[in-house]
Each structure stands twice: as C-alpha cells, then as structure tokens.
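K.L.:
Okay, handing you the structure first.
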Amino acid sequence: MMEQHKKIYRVCIVTSTRADWGLLMPVAGKLRDMPEISLSIAATNMHLLPEFGMTVDEITDAGFSVDERVPMDVAGSDEVSRVKAMARCLDGFADAFRRLHPDAVIILGDRYEMLAVASAAALMHIPIIHIAGGEISEGAIDDSIRHAITKLATFHLTATEPYRRRVIQLGEEPDRVVNTGAIGVWNAMNVPLLSRAELESDLGFDLSSDPVAVVTYHPATNETSSTAGSQIEELLAALDNFPRLRCVITYPNNDAHGEEIIAHLRKYARLHPDRVLLVQSLGMRRYLSMLRVASVVIGNSSSGIVEVPSAGIPTVDIGIRQRGRIAAPSVIHCGTAREQITEAIAHALSPEMQALASRCENPYHLPDTLDIMTRSILSFLHTLPCPPKKFHDLPD
C-alpha cells in the first residue's frame with residue numbers, strides 16, 4: 001500500500017523589532033527543521049528602518065530568508081503617526097498574506113503593529129498562534145493591545161501559569177492555552193554567549209571595569225501626557241551619581257515620543273564617551289552576553305522583568321510601564337524621580353542585592369520551553385481547519 005502523503009503546513013512568523021526576533025529566532029529554527037512545516041518570515045516596522053539599525057539584516061545573517069518585507073514608515077513622533085503607520089501595516093499584510101497563503105500565523109507580544117497584523121490575519125480567516133498573552137503592563141498601551149490580540153488569536157502560548165489562567169478568563173478555551181514558560185528565559189540559558197573580550201572587541205568599548213550597567217528606557221505610552229523627555233533626564237541625572245558605572249545604553253523602540261528619548265541619549269553619550277556607549281541594537285546574542293558581564297540592568301523594558309533574573313543580576317525597573325507583571329525578588333521597582341532611581345541603583349549594586357539576585361528563582365522559567373512551544377504548535381496545526389471560536393465562560 002502506498003504511504004499516505006503527509007500534509008505540509010505553511011506557517012508564517014511575523015517579526016517587527018529586534019526584541020521579538022531575538023525571542024522568536026530559536027522557535028523559527030526548530031520549526032524550520034520540522035518536515036511537516038514550511039516556514040516563512042515576514043518582517044515589518046523597526047526591522048526596516050535604518051535609524052534603528054536595519055535589523056532585518058540580523059534575520060538574514062542568522063541564515064533565515066525574509067519572504068515578505070512590509071514597510072510601515074512612521075512619519076512623526078506622536079500617536080497620530082502610529083495610527084497611520086498601523087493602517088499601512090494592515091494594508092501591507094493583506095497583500096503579504098495573500099501571497100504567502102499561510103495555514104497559521106505566529107505573532108509575539110503586544111506592539112501596536114501586531115494588532116494590525118492580527119486584524120489582517122483574522123479577517124482573512126488565518127489562525128493566529130499568539131505568544132506571551134495574559135500578561136499585565138499597566139503603564140503601556142501595549143496592555144490593551146495584548147488582550148485585543150488574545151481575542152483575535154486561536155491558540156495561545158503563555159509564559160506562566162497565572163498568565164494562562166488570565167487568557168482563559170478572557171474567554172479562551174482551556175485546551176487552546178498552553179503554559180510554556182518564557183522563550184526569552186530559555187534563550188538566556190541556552191544560547192552560546194560571547195566572552196567579555198569578544199564583546200569588548202565587537203562593541204569597541206571597555207567592559208573590564210566594574211560595575212557595568214545595561215540601560216534601556218522606553219516611553220510609557222499609557223500616561224495621559226508625554227513625559228518621555230523629562231523622565232529620561234531624571235534617569236540620566238541619576239546615572240551621573242555613579243561616575244564609576246560603565247553604561248551600555250540601547251535605543252528605545254519607536255513608540256510615540258521615543259525620538260525625545262533618543263535625542264537625550266545621543267547628547268549624554270557625546271558628553272560621557274569614557275563611560276557611556278549608545279547602540280541602536282545589541283541583538284539577542286550580544287544582549288544576553290552583556291547580561292553575563294553586567295552588574296545591573298536599568299530601565300523599563302520587559303526583559304528586565306522576564307529574562308534578566310536568569311542572568312543572576314538585579315533589575316532596576318523604573319516607573320509604571322511594566323507595572324502588573326509577575327517579578328522575581330531581584331527586580332527593584334522605583335519611581336521616575338532621580339532620587340528614587342539613585343536609591344534603587346545603589347540598592348541593586350549593594351553586596352546584599354547582588355547576592356540575592358545570584359540565587360533567586362525566575363518565575364518565567366521552565367526547562368523545556370522551546371520543546372513545549374514547538375510541539376504545541378505542531379499539535380495545533382494537526383487540528384486544522386479550526387471550527388469557529390467559542391467564548392469559554394468560567395464556572396459560577
């Protein structure tokens with residue numbers, strides 16, 4: 001009897017920033033190696049912007065092909081410009097998905113352009129596999145966008161069990177929600193890292209003197225008025241209170257008012273070339289390698305909450321952007337005033353906090369996250385085509 005031909009599932013991963021590609025790259029690699037999957041990659045937003053490092057090159061440099069490039073140039077620094085960019089993204093992905101004709105689309109997280117991607121996929125009846133739903137970040141509009149994507153998505157991979165329960169609370173069917181642990185934590189514990197000497201050579205920056213800080217600060221997009229400029233001034237003033245602290249500072253993302261932050265960072269780096277290095281993007285491997293030589297991470301990036309505790313160093317989490325996320329004991333939350341930030345950095349650099357961070361457990365860690373993710377994705381693909389979604393009511 002002739003062997004039955006196995007179905008090949010066309011899966012498209014959509015990526016828009018250095019951050020989500022760094023998380024998704026191992027997933028992409030493992031899916032690409034599965035004989036039942038034909039993988040495509042679509043890149044958009046910051047990946048295609050020279051002012052943010054043209055990080056689409058990081059995808060191709062890693063040996064992947066980029067099958068669709070969907071530009072959504074953001075012409076302006078305010079919220080209106082982001083809405084118009086979302087419209088361009090929605091239009092572009094209508095054409096991209098028509099050409100690729102995927103059986104499923106994988107998206108991660110909560111950025112505004114991903115809501116456009118998810119809307120296009122949902123309207124075209126393409127099942128969405130959503131990574132990192134159920135989380136809370138009250139200080140960013142991303143919080144509402146994340147939950148909106150959850151309602152558009154068909155299958156969900158969450159980073160903790162409480163986040164899994166929250167996705168179910170949003171009405172998603174329990175058998176379509178899987179707790180995998182955070183893929184960023186898996187990366188932090190499994191990706192081969194650069195040595196300190198290799199990092200110094202690559203960056204052209206001396207990292208031999210302790211302490212070293214990695215600094216990333218994004219706009220808090222849920223604030224009623226823009227305070228990005230004044231907040232970054234407070235952070236930089238706090239850094240001045242630690243003249244021995246060598247800082248590798250990365251660009252913020254291209255949320256509204258991010259340009260204000262970049263202008264302040266450029267000026268600060270010019271004034272302090274002896275102890276400050278400003279980079280557009282470190283990329284996943286350099287970033288994770290930096291965590292192994294750093295003494296502290298400072299800013300308001302989700303990475304400080306999710307991945308950094310697995311590097312055994314403290315995080316100073318500033319302001320409201322990440323408020324609501326589950327956090328390890330090594331995460332120090334503080335306000336946006338320079339005095340508050342200064343106190344938090346001093347605490348993070350103290351021997352007591354360094355010791356605590358070196359031994360604390362990361363609530364986002366599961367040892368086999370990558371395997372759980374890829375097995376779950378393949379199992380979901382085997383259930384296609386999907387019946388219409390049903391709203392799952394919680395028991396009384």
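The values are calculated or read from the model by the stated rules, or taken from the named source; none is laboratory data. All values derive from a computational prediction rather than experimental measurement. Here the Cβ positions follow ideal geometry from the backbone for every residue, glycine too, while neighbour counts run over all protein chains shown. Keep in mind that these areas ignore ligands, DNA and RNA; they rest on the heavy atoms of the full protein, side chains included. Shrake-Rupley method; radii C 1.70, N 1.55, O 1.52, S 1.80 Å.
K.L.:
Being free of Cβ contacts under 8 Å to residues at least 40 places away in the same chain, touching a strand residue (DSSP E or B) at 6+ places or on another chain (Cβ under 7 Å) and not hydrophobic (A, V, I, L, M, F, W, C) is the filter here, so list the residues in region 135-157 that pass it.
P.N.:
If the condition is that a residue be free of Cβ contacts under 8 Å to residues at least 40 places away in the same chain, touching a strand residue (DSSP E or B) at 6+ places or on another chain (Cβ under 7 Å) and not hydrophobic (A, V, I, L, M, F, W, C), then Thr150, His156 are the ones that fit.
K.L.:
In region 338-396, which residues are closer than 30 Å to Ile8 by Cα, among the acidic types (Asp, Glu) and in contact with a strand residue (DSSP E or B) (Cβ under 8 Å, 6 or more places away or on another chain)?
P.N.:
none
K.L.:
Okay, moving on. State the number of residues belonging to region 94-147 that are part of a loop (DSSP other than H, G, I, E, B), touching a Ser or Thr at 6+ places or on another chain (Cβ under 9 Å) and closer than 23 Å to Ala256 by Cα.
P.N.:
Summing the residues that are part of a loop (DSSP other than H, G, I, E, B), touching a Ser or Thr at 6+ places or on another chain (Cβ under 9 Å) and closer than 23 Å to Ala256 by Cα in region 94-147 gives 10.
K.L.:
Tally the residues that are surrounded by fewer than 20 Cβ atoms within 10 Å (Cβ to Cβ) and either among the aliphatic types (A, V, I, L, M) or at pLDDT 90 or above (or both), restricting the search to region 235-261.
P.N.:
Within region 235-261, residues that are surrounded by fewer than 20 Cβ atoms within 10 Å (Cβ to Cβ) and either among the aliphatic types (A, V, I, L, M) or at pLDDT 90 or above (or both) number 6.
K.L.:
I would also like to ask the following. What residue, of Ala132, Ala148, Ala213, Ala140, is open to solvent by less than 10 Å² (accessible area, probe 1.4 Å), at pLDDT 95 or above and either under 18 Å from the mean Cα position of the chain (by Cα) or not aromatic (Phe, Trp, Tyr) (or both)?
P.N.:
Ala213
K.L.:
I'm trying to understand the selection: among the residues of region 61-70, which are at pLDDT below 95 and surrounded by 12 or more Cβ atoms within 10 Å (Cβ to Cβ)?
P.N.:
Ala62
K.L.:
For region 180-198, which residues satisfy the criterion of being surrounded by fewer than 21 Cβ atoms within 10 Å (Cβ to Cβ) and either among the small types (Gly, Ala, Ser) or over 17 Å from the mean Cα position of the chain (by Cα) (or both)?
P.N.:
Once the filter is applied, which keeps residues that are surrounded by fewer than 21 Cβ atoms within 10 Å (Cβ to Cβ) and either among the small types (Gly, Ala, Ser) or over 17 Å from the mean Cα position of the chain (by Cα) (or both), region 180-198 yields Asn190, Pro192, Leu193, Leu194, Ser195, Arg196, Ala197, Glu198.
So that you can scan it fast, the table gives a plain yes or no per residue for (1) of a type outside the set (Phe, Trp, Tyr); (2) touching a residue at least 60 places away in the same chain (Cβ under 8 Å); (3) open to solvent by 10 Å² or more (accessible area, probe 1.4 Å):
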site: Val74; (1), (2), (3): yes, yes, yes
site: Ser81; (1), (2), (3): yes, yes, no
site: Met86; (1), (2), (3): yes, no, yes
site: Asp91; (1), (2), (3): yes, no, yes
site: Phe97; (1), (2), (3): no, yes, no
site: Ile106; (1), (2), (3): yes, yes, no
site: Arg111; (1), (2), (3): yes, yes, yes
site: Met124; (1), (2), (3): yes, no, yes
